[in-house]
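Accompanying notes for the structure given below.
The values are calculated or read from the model by the stated rules, or taken from the named source; none is laboratory data. Just so it is clear, the structure is predicted and the values come from calculations on it, not from any experiment. Surface areas here come from the heavy atoms of the whole protein model, side chains and all, with no ligands, DNA or RNA. Shrake-Rupley method; radii C 1.70, N 1.55, O 1.52, S 1.80 Å.
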Amino acid sequence: DFARLTIIYVPNGNCVELKSLKYYITSYRNVGIFQEHATARLAEDLFRLLTPRSLTVRTVYNIRGGFETTCSVTLPS
């Protein structure tokens, strides 16, 4: 599936390198995972790595079967 990915975070001293983020995101290409779980896992991994003050990961997946799926995870919750 294809999705539009939005990552918003308030840094706390660390930031993510764009090239590293790109490789991390593309590592999901062949992983069999539900859309909601993928969004949650992205948020949890980035939160653990960056230790930001706040982080929101939002995915909007292409319409499939007549449904548009939007997932959002905000940490800390």
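Points to keep in mind about this one:
- Counting only protein heavy atoms and using a 1.4 Å probe, the accessible area of Val10 comes to about 60 Å².
- Ordering Ser77, Ser20 by accessible surface, largest first, gives Ser77, Ser20; the 1.4 Å probe counts only protein heavy atoms, with every chain in place.
- Cα shape, the chain, gyration tensor, a/c 1.5 rule: prolate
- Among the protein heavy atoms of the chain, carbon and sulfur supply 55% of the accessible surface, probe 1.4 Å, non-protein parts ignored.
- Between the Cα long axis of helix 35-50 and the first principal axis of the chain there is an angle of about 10°, rounded to the nearest 10.
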